[in-house]
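Visitor: Input: one structure, supplied below.
The values are calculated or read from the model by the stated rules, or taken from the named source; none is laboratory data. It should be emphasised that the depicted structure is a prediction, and the values quoted were computed from it without experimental measurement. Glycine gets a Cβ as well: all are built from the backbone with ideal geometry, and neighbour counts include every protein chain shown. Protein only, heavy atoms only, side chains kept; ligands, DNA and RNA dropped before computing areas. Shrake-Rupley method; radii C 1.70, N 1.55, O 1.52, S 1.80 Å.
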Amino acid sequence: EINRGNISKIFGELITLIEEDKRLGAKNELRATLPYSKPATFGVPANVRIIGTMNTADRSVEALDTALRRRFSFEEFSSKPELLNNAMVSGVNLTQLLTVINARIEMLVDRDHHIGHSYFMNLEGGDQEAKLRTVFKNNVVPLLQEYFFGDPVKVGMVLGPAFVQELNGKDNKVSFAKGFTGSEDIEPRPRYVFSDPTDRVQVPIQAFIDICDGK
């Protein structure tokens, strides 16, 4: 990922030589003297293509040097739910599932945090529902927890009440330390617990279908 590297060490003198008009055989051809192979010189051939990737979700792309920006063209590779071809898993439309989740994420954070379609590309064969649940447990829920800094309410807004449940009754009772219970400026907040998506009792398949239906 180009935005995570030390650009001066990666490119060095190449930062100028990679420009199209500075390539070998171009109008403004330039060569650099190699520091360890003097007097040998080095130039970049016209048919060399440099391709790098970058992660825009963490915003580190904003720190990219202007000199680097003008030497590259940028092409966005966003999540493409349509590539899932409306595949069905136990009544769950994967295209619709991802579309709804990403629309909710975009409203709560931004479009750079969309969840990629690749998580759902390899569910064919065997117990597809089990694979879908594993994707939610190992990928989708942890990502949402990171995006929302562990805020269970926002995770629940994206996935629904089956995935994030508010504790009530005896499960929500907490005994505070003696001597401080009189500090009544503090209003206790509700407590939540994340369900295990692989548990078919805690999270029935209808919970996934509800996401598709926008519920």
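Visitor: I'd like the accessible area for VAL153: 1.4 Å probe, protein heavy atoms, all chains in place, Å² to the nearest 10.
Guide: For VAL153, solvent-accessible area is about 70 Å².
Visitor: What is the dipole size for the chain, taken about its Cα centre, with +1 at each Lys and Arg Cβ and -1 at each Asp and Glu Cβ, in debye to the nearest 20? The partial results should precede the final answer.
Guide: Values: 26 positive and 29 negative charges, 131 e Å.
So the magnitude is around 620 debye.
Visitor: So for the chain, taking the charge dipole from beta-carbon charges (+1 Lys/Arg, -1 Asp/Glu), which of PRO45, ASN122, SER78 sits furthest toward the positive end?
Guide: Of the options given, the answer is PRO45.
Visitor: Under a GNM of the chain (C-alpha, springs under 10 Å), which listed residue has the highest mean-square fluctuation: THR16, THR95, THR134?
Guide: THR16
Visitor: Give the range of the longest stretch in the chain that excludes all chymotrypsin sites (Phe, Trp or Tyr not before Pro) found in loop regions by DSSP and having at most 13 other beta-carbon atoms within 10 Å.
Guide: Numbers: sites that count: TYR36, PHE74, PHE77, PHE149, PHE176, PHE180.
Free of exposed loop sites, the longest segment is 78-148.
Visitor: While we're on this one: Compute the projected area of the convex hull of the Cα atoms of the chain, averaged over all viewing directions, and report it in nm² to one decimal place. Write down the numbers at each step before the final one.
Guide: On the way: hull surface 82.0 nm².
Its average projected convex-hull area is 20.5 nm².
Visitor: Kindly state, to the nearest 0.05, the FRET efficiency for ASN6 paired with ALA32, given R0 = 25 Å and r defined as their beta-carbon distance. Could the numbers behind the result be given before it?
Guide: On the way: r = 18 Å, r/R0 = 0.74.
Efficiency, rounded to the nearest 0.05: 0.85.
Visitor: Further question on the same structure: Expressed as a whole number of Å, what is the distance separating the alpha-carbon centroids of the stretch 4-49 and the stretch 120-171?
Guide: 48
Visitor: A follow-up question, please. Name the shape class, rounded, prolate or oblate, that the alpha-carbon gyration tensor gives for the stretch 1-60, where a ≥ b ≥ c are the square roots of its eigenvalues, rounded holds for a/c under 1.5, and otherwise prolate holds if a/b is larger than b/c and oblate otherwise. Present the calculation step by step, with values, prior to reporting the outcome.
Guide: Values: a/c = 3.28, a/b = 1.72, b/c = 1.91.
Oblate is the answer for the stretch 1-60, as a/c is 1.5 or above yet b/c matches or exceeds a/b.
Visitor: Find me the longest stretch of the chain that has none of the exposed GluC sites (Glu not before Pro), where exposed means in a DSSP loop (not H, G, I, E or B) with at most 12 other Cβ atoms within 10 Å. Intermediate values should be presented prior to the final figure.
Guide: Details: sites that count: GLU1, GLU75, GLU76, GLU124, GLU184.
It runs 2-74.
Visitor: Work out the length of the dipole vector of the stretch 51-157 about its Cα centre, built from +1 on the beta-carbon of each Lys and Arg and -1 on the beta-carbon of each Asp and Glu, and round it to the nearest 20 debye.
Guide: Values: 11 positive and 14 negative charges, 9 e Å.
It works out to roughly 40 debye.
Visitor: Compare ASN138, ASN86, ASN47 in a GNM of the chain, Cα atoms joined below 10 Å, and give the one with the largest fluctuation.
Guide: With Cα springs under 10 Å in the chain, the top fluctuation among ASN138, ASN86, ASN47 is at ASN47.
Visitor: Between ARG189 and VAL109, what is the label-point separation in nm under the 7 Å Cα-to-beta-carbon projection?
Guide: According to this spin-label approximation, the distance is 1.8 nm.
Visitor: Add -39500 (n - 2.57) for each DSSP H run of 4 or more in the chain, then divide by its residues: what number comes out at 222 nm, to the nearest 500 deg cm²/dmol?
Guide: Working: 8 runs with 59 residues, N = 215.
The helix contribution divided over the chain gives -7000 deg cm²/dmol.
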